[in-house]
Structure formats: C-alpha cells, structure tokens
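As structure tokens, the structure follows; a few thoughts come after it.
The values are calculated or read from the model by the stated rules, or taken from the named source; none is laboratory data. Keep in mind that this is a model prediction, so the values were computed, not measured. Cβ sites come from the backbone with ideal geometry, for glycine too, and all protein chains shown count toward neighbours.
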Amino acid sequence: MKKLKIEMVHDIVCSWCPIGYSNIQTAIKNLSLEVDFHFLPYELNSEMDENGETIAGYFKSRFGWDDRKLLDYQKSLVKTAQSAGVTIDFSKRVKYYNTKKAHQLMHWSERFNKQTELNERLIKAYFAEGQDISNTDALLDIAVQVGLDRVSTENALFSDQLSQELDRKIERRKAFNIQSIPAFILNENILISGSQSVEFFEDTLSKVREGSAANVTISV
C-alpha cells in the first residue's frame, strides 16, 4: 500500500500546533498507517524583532485582553495540551519569538530525515523549557541534539540557497489559501484545518486510506 503523504502547516510558537501534531501522530499510530510526514512553514509573527514580545503584551496590544482573560485562556490551553500529552509551562514560556530561523532549520533537517525528531525537540525546547528559538546558538544546540553537524548547519542557516528553498515551500503553502494553523494537507489535495481530536483524525485518515475522501477541504 502506498504511503499516505501528510504535510503539516505550522509555526514553532503556535500554541495549538503541538496539540494537533500529537493528536494526528496518535491517530497514525492507532491505525498503523505508513506515512510520509513533512512540514510547511507559516510564520505568525514574521515582523517580530529579535527580542521577541511577552505573551501578556502580545494579547493585550492585539486583542485587548486583560490579565484575567489571558490566565483563563492559558489554564484551558494547558489542560487541553495535557490531554494530548503536550507540556506547556507558562512560568518558562513567557515570550513569542520570530521563527524564520527555526523554519530554516526545519527545512535543512529534512534532507537528513530529521524533521520529525527536530519538531518534537523544538516543541519541548519552546513550550516546556521556554527557550528562545529565534536565537542562533540555541537552535544550533538543538540541531546537535538531534544529530546534525553544528558547523554545516550554521552555514546553511545563513545561506541564500536555503532561504530560496524555504520560499518555495511558502509558495506551495500559499496555494492552499490557509488562514489558520495548524493545518494538514493529505495526499496533496485534502486540507484539514484546526487542532482536531484523535478520533477526528482517525476517522478522516481512515477515509483517505479507503479512498472515500478526496479533493475536499475539511475545516472546523
């Protein structure tokens, strides 16, 4: 049976992306599916500077949230994440960051078949440990932890070729007119939007495997 191709559209700082990732991976395991899993970049804060921005300041300036509303949201988010096996520690994760370099690292790791491992390490580094995943040295440390060479990775992160290759992935993602993340493209023509439940993913992936879902957009 041909492997199911899955492309996850994500950002490293997106709170719902690790939840969606964990749920779809659980569904894949439960169904014993053979998959070809890839990632496409979506920068939520492409204009953010190298200092990042506090999460509290971000929600206050953009949405007018007060401390109580943010705290209630974070408590709900942590509970949902825990049910998906994801740790979000807001005592450490206090900032949003620009993620361009992190996406470049994700793209670089693909040629070494390290994307999935790197994604999981970045999730832990940012959401559980609160690391600055816009910082080059921090990213290089993470790269080494998943088995990438530090020197060649650093050279790649500052290469025009890598940026151009990543731009082509961005253009592919834009063709789907995706407005929110996470999103999942199945077999290049079926789009699932949102951080869905394990059961939802199981049902949808089963239909795709059976050939009863094609050329459709599924969104909630």
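Which ones in the range 50-73 are surrounded by 13 or more Cβ atoms within 10 Å (Cβ to Cβ) and of a type in the set (Phe, Trp, Tyr)?
Within the range 50-73, 58, 59, 65, 73 meet the criteria.
When both residues are 6+ apart or on different chains and their Cβ atoms are under 8 Å apart, which pairs have a first residue that lies in the range 108-133 and is closer than 19 Å to residue 157 by Cα, and a second that is exposed (fewer than 15 other Cβ atoms within 10 Å of the Cβ)?
Every condition considered, the pairs that remain are 112/147; 114/147; 117/147; 121/145.
Table: residues versus (1) of a type in the set (Asp, Glu); (2) under 24 Å from residue 46 (Cβ atoms).
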| residue | (1), (2) |
| --- | --- |
| 104 | no, yes |
| 128 | no, no |
| 136 | no, yes |
| 139 | no, yes |
| 146 | no, no |
| 154 | yes, yes |
| 158 | no, yes |
| 172 | no, yes |
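Could you check residue 182 against (1) more than 22 Å from residue 13 (Cα to Cα); (2) in contact with a Cys (Cβ under 6 Å, 6 or more places away or on another chain) and say which number it fails?
(1)
Output the residues belonging to the range 74-107 that are within 28 Å of residue 157 (Cα to Cα), surrounded by fewer than 17 Cβ atoms within 10 Å (Cβ to Cβ) and of a type in the set (A, V, I, L, M).
94 - this is the single residue of the range 74-107 that is within 28 Å of residue 157 (Cα to Cα), surrounded by fewer than 17 Cβ atoms within 10 Å (Cβ to Cβ) and of a type in the set (A, V, I, L, M).
Taking the condition among the hydroxyl-bearing types (Ser, Thr, Tyr), under 30 Å from residue 163 (Cα atoms) and modelled with pLDDT under 95, does residue 46 pass?
For residue 46, the condition - among the hydroxyl-bearing types (Ser, Thr, Tyr), under 30 Å from residue 163 (Cα atoms) and modelled with pLDDT under 95 - is met.
Write out, first by first residue and then by second, each pair whose Cβ atoms fall under 9 Å of each other, whose residues are 6+ apart or on separate chains, and whose first residue, in the range 195-210, is more than 12 Å from residue 6 (Cβ to Cβ) while the second is aromatic (Phe, Trp, Tyr).
Hits for this filter: 195/16; 195/21; 196/184.
Quick one: how many residues across the range 37-74 are touching a residue at least 60 places away in the same chain (Cβ under 8 Å) and aromatic (Phe, Trp, Tyr)?
The total comes to 3.
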